[in-house]
1. Hey, does the stretch 108-123 have a residue that's exposed (fewer than 14 other Cβ atoms within 10 Å of the Cβ) and touching a residue at least 24 places away in the same chain (Cβ under 8 Å)?
2. Name the single residue that is surrounded by the most Cβ atoms within 10 Å (Cβ to Cβ) among those in the stretch 157-173 being of a type in the set (A, V, I, L, M, F, W, C) and within 13 Å of ligand 2 (Cβ to nearest atom).
3. Quick one: which strands (runs of 3 or more DSSP E) lie wholly within the stretch 1-99 and hold at least 2 residues that are in contact with a Ser or Thr (Cβ under 9 Å, 6 or more places away or on another chain)?
4. Six or more apart or on different chains, Cβ atoms under 9 Å: show the pairs whose first residue is in the stretch 1-21 and under 12 Å from V158 (Cβ atoms) and whose second is exposed (fewer than 12 other Cβ atoms within 10 Å of the Cβ).
5. Of the conditions (1) modelled with pLDDT under 95; (2) away from ligand 2 (no atom under 15 Å from the Cβ), N154 satisfies every one except a single condition; which number is it?
6. So in the stretch 84-106, with the set limited to residues that are among the β-branched types (V, I, T) and more than 24 Å from A32 (Cβ to Cβ), which one is surrounded by the fewest Cβ atoms within 10 Å (Cβ to Cβ)?
7. I'm checking my understanding of the structure. Among residues of the stretch 127-159 that are acidic (D, E) and assigned to a loop (DSSP other than H, G, I, E, B), which one is farthest from ligand 1 (Cβ to nearest atom)?
8. Output the residue which, of all residues in the stretch 27-60 that are surrounded by fewer than 17 Cβ atoms within 10 Å (Cβ to Cβ) and charged (D, E, K, R), is modelled with the lowest pLDDT.
Amino acid sequence: MRAADIASDLTDVLVTEEQIHTRLDEVAAQVAADYDGKDLVLVGVLKGAVMVMADFARALPTLVPMDWMAVSSYGASTKSSGVVQIRKDLDTDLHGKHVLIVEDIIDSGLTLSWLLENFASRGAASIEVFALLRKPEAAKVVIDCKYVGFDIPNDFVVGYGLDYAEKYRNLRDVAVLAPHVYS
Ligand code: XMP
Ligand code: MG
């Protein structure tokens, strides 16, 4: 896609790459302090969390293992179905580990609430969540999210890992997708 076509698909830039990196450094410092001396493992939720995981993990001052889970609840739609499927499970045994789930966005919260319930049975020492973005107005279930990058309005957003029908993931900023693209 050419730059002019990309621009016409987007309305506002909500969070810039620079703001993301500044915030990731802050959250990383907090996480490093909170997990000092603990056996931490980061679990990224594919595919949306790829960018935040890559930058967040490198903002941490210590070595940390990363594992990935692929779930799907959306397909090519802009609303969560609440029906979650595991497409790829973890390779790691979580027993005794301190797990930090790294997510791109909490929208309705349905996916994470399902994931948290699924993880609860795996014997982790603790489970917390870091979501880069959160839409408070869209919440259908309350998620206890310890680390949040940015609270954003209830618009469909793309970029920095977030897609619509697999497009826009490699945009550097997070921007609102123009409704004409999906309606
Ligand atoms: P829920 O609603 O279950 O969201 O909290 C689960 C997953 O859906 C994706 N999602 C989005 N993807 N723009 C996107 O590109 C959005 O505004 C958006 N809202 C939700 C995302 O992968 C999230 O983890
Ligand atoms: Mg996601």
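The values are calculated or read from the model by the stated rules, or taken from the named source; none is laboratory data. Source: prediction; values computed, not measured. Neighbour counts run over all protein chains shown; Cβ positions are idealised from the backbone, glycine included.
1. Within the stretch 108-123, the first condition is being exposed (fewer than 14 other Cβ atoms within 10 Å of the Cβ), and the residues that meet it are 117, 120-121, 123.
Right, trim to touching a residue at least 24 places away in the same chain (Cβ under 8 Å) and you get 123.
Taking every residue of the stretch 108-123 in turn, at least one turns out to be exposed (fewer than 14 other Cβ atoms within 10 Å of the Cβ) and touching a residue at least 24 places away in the same chain (Cβ under 8 Å).
2. For the stretch 157-173, the residue satisfying everything is V157.
3. Because the criterion is at least 2 residues that are in contact with a Ser or Thr (Cβ under 9 Å, 6 or more places away or on another chain), the strands (runs of 3 or more DSSP E) in the stretch 1-99 that meet it are 40-46, 66-72, 85-88.
4. Within 9 Å, the pairs are D9/M1; D9/H180; T11/P179.
5. The failed condition is (1).
6. The residue in question is I86.
7. Here the residue is D144.
8. D39
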